[in-house]
Amino acid sequence: MSLDLNKIRKDFPLLSQDIYKKPLVYLDNGATTQKPQQVIDAELEMYNALNSNIHRGVHYLSNCSTDKFEEARKKIKDFIKASSDKEIVFTAGTTASVNTIAFSLGEYWIEPGDEIILSEMEHHSNIVPWQMLCERKGAKLKVIPVLDNGELDIDAYGKLLSDKTKIVSVTHVSNTLGTINPIAKITEMAHSKDAYVVIDGAQGIQHGQLNVKDIDCDFYVFSGHKIFAPTGIGVLYGKEEILNKIPPYQGGGDMIDTVTFEKTTYAELPFKFEAGTANYIGAVGLGAAIDYIVSVGIEDIAEQEKELLEYATKKLSSIDGLKIYGTSENKVSTISFLLDGIHHLDTGMILDKLGIAVRTGHHCTQPLTKRFGIDGTVRASFAFYNTKEEVDALYDGLLKVKELFG
Ligand code: PMP
């Protein structure tokens, strides 16, 4: 392991507490990640010294806040290797980003009878906005099936694609199964039919180096809170030429050029999509989180998580009656499982009493859990600050659950 975990864990104050007089084992990083002191300090500095509304002011503080906000945008642009700051739109999170695209691209691009392709492993956030668009426009959803190992059936996807396909929107990484999807290939196949591609990066952005230019997707969206940044801030990356073509989603201050009662003209990118006072303090926190990740090294983070995944998979698989859902070779550090005959909620509640935080239920992917004939799983999702000792604690906890219910 190349990372100094003792040092890293000291950066995350929340991790070193006791829960029910037991050391906290936080394995719910898929739901939200913890924040390093550097991110908390960046937010504090904004509130303590620099806060003032952005873009509209002539005074010192407003300019400080604006500079910090725009610096954060540049950091994100560099981190995901976008071509320009204009391609980085701040939103409230993944859900807000998908809704923005479903509305704006939908208004521009979708006609009755058109088809939108999603996958069976999508989070509800990447299903419902498209369903709402289909209802508005008389379009149809098509769904890429999931194979037994938790990978997408790419052959079936090829057969779903047709001249009617206008948008393909799939997740980079399954929040429930951990599967990493071949998003460059999915994009290439969609582009051969002139369809636009949206990638839900909520579970992809934090686990490895991203290069949106190499993937060539038209949109990539993610939430700050899953990448060690504050809640309430997220990103919508879109190719500049497409963002220029599509209409804005929300109207209001900051997104206009001129307003008269006869006609309004819109601001240039990315402001056209940032109506109202943006969460500029959240954005600064996101910028600080990216600085932190870059300082640790995203490749080292990926390596550490891979090692942890291998260790945990081996260890949990050795438990009699434990079944893992999502067994692709190509996975992030997320393990969904069930203990034979024991409800996921019961498992989660016992683990909680041992200080171990996991998530239980359908993980906002009801079509996916239905596909596996279950109503939910226990999900342990690891971040780079988790340790092998914490995996051991989970293992011991699961033996205890079996003992109690056995
Ligand atoms: N997509 C995926 C794959 C997710 O895991 C999540 C969060 N669980 C979302 C979308 C929604 O993210 P948010 O609630 O931050 O908008």
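Based on DSSP H runs of at least 4 residues, each adding -39500 (n - 2.57), what is the mean residue ellipticity at 222 nm of the chain after dividing by all its residues, to the nearest 500 deg cm²/dmol?
-12000 deg cm²/dmol
Which far-off residues, 5 or more places away or on another chain, put their amide H under 5 Å from the one on ARG359, with H placed in the peptide plane?
It is ARG379, SER381, by chain and number.
Quick check on my link table: of LYS164/LYS226; LYS22/LYS81; LYS77/LYS245; LYS86/LYS159; LYS35/LYS306, which ones sit more than 32 Å apart, alpha carbon to alpha carbon?
Where the Cα-Cα span goes over 32 Å, the pairs concerned are LYS164/LYS226; LYS22/LYS81; LYS86/LYS159.
For the ranges 280-287, 89-96, what's the packing order if you count other beta-carbon atoms within 10 Å of each residue, average per peptide, and put the highest first?
Ranked by mean Cβ neighbours within 10 Å, highest first: 280-287, 89-96.
Accessible surface of GLU111 in the full protein assembly, 1.4 angstrom probe, to the nearest 10 Å²?
Accessible area of GLU111: about 110 Å².
Mean separation of Cα pairs under 8 Å and 6+ residues apart, divided by the residue count of region 219-363: what relative contact order is that in percent?
This gives 14 percent for region 219-363.
If you roll a 1.4 Å probe over the chain with all protein chains in place, what percent of the accessible area is carbon or sulfur?
Within the chain, the accessible surface is 51 percent carbon and sulfur.
Work out Dmax and Rg for region 84-231 from the C-alpha atoms and quote the Rg first, both in angstrom.
Every Cα atom of region 84-231 included, Rg and Dmax give 14.4, 41 Å.
How high is the relative contact order of the chain? Use alpha-carbon pairs under 8 Å, at least six apart in sequence, and give a whole percent.
That works out to 23 percent.
Separation of region 200-252 and region 32-111 by C-alpha centroid, Å?
Cα centroid of region 200-252 versus Cα centroid of region 32-111: 11 Å apart.
Report the FRET efficiency, 1/(1 + (r/R0)^6), for LYS81 and VAL259, where r is their Cβ-Cβ distance and R0 is 45 Å, rounded to 0.05.
0.80
How high is the FRET efficiency between SER318 and GLN209 when r is their beta carbon distance and R₀ equals 41 Å, given to the nearest 0.05?
Once rounded, the FRET efficiency stands at 0.80.
Tabulate in residue order the Karplus-calculated ³J(HN,Hα) for region 25-34, using 6.51 cos²θ - 1.76 cosθ + 1.60 with θ = phi - 60°, rounded to whole Hz; enter x for Gly and Pro.
Once rounded to whole Hz, the list reads 10, 9, 10, 10, 6, x, 7, 7, 9, 7.
By accessible area of protein heavy atoms, probe 1.4 Å, what ranking do GLU403, GLU71, GLU87 get, highest first?
GLU403, GLU71, GLU87
Using 0.36 nm times the number of residues separating GLU70 and TYR20, minus their current alpha carbon distance, what extension gain do you get?
Gain in length upon complete extension: 13.7 nm.
Principal axis lengths of the chain from Cα atoms, whole Å, largest first?
Principal-axis extents of the Cα atoms in the chain, largest first: 72, 55, 33 Å.
Might you tell me the accessible area per residue for the chain, computed with a 1.4 Å probe and given in Å²?
Roughly 42 Å² per residue, with all protein chains present.
Rounded to the nearest 0.05, what FRET efficiency do THR277 and ASP216 have when you use their Cβ-Cβ distance and R0 = 35 Å?
Efficiency computed from Cβ-Cβ geometry: 0.55.
If I take every Cα pair under 8 Å that is 6 or more residues apart in region 2-72, average their sequence separation and divide by the length, what percent do I get for the relative contact order?
RCO, region 2-72: 19 percent.
What figure in square angstrom, to the nearest 10, would you give for the accessible area of LYS185 with a 1.4 Å probe?
So the heavy atoms of LYS185 present about 110 Å² to solvent.
Show me, for region 121-126, the HN-Hα J-couplings you get by feeding each phi into the Karplus relation (A = 6.51, B = -1.76, C = 1.60, θ = phi - 60°), rounded to Hz, glycine and proline as x.
Once θ is set to phi - 60°, the couplings for region 121-126 become 9, 6, 5, 3, 5, 10 Hz.
Considering only protein heavy atoms, with the full assembly of protein chains and a 1.4 angstrom probe, order HIS344, HIS191 by accessible area, largest first.
HIS191, HIS344
What order, most packed first, do the peptides 5-18, 170-183, 348-361, 153-166 have when packing is the mean number of other Cβ atoms within 10 Å of each residue?
Highest-to-lowest ranking by the protection proxy: 170-183, 348-361, 153-166, 5-18.
The values are calculated or read from the model by the stated rules, or taken from the named source; none is laboratory data. Because the structure is predicted, anything quoted here is derived from the model rather than measured. Cβ atoms come from the backbone with ideal geometry, glycine included; neighbour counts cover every protein chain shown. These area figures cover heavy atoms from the full protein model, side chains too; ligands, DNA and RNA do not enter into them. Shrake-Rupley method; radii C 1.70, N 1.55, O 1.52, S 1.80 Å.
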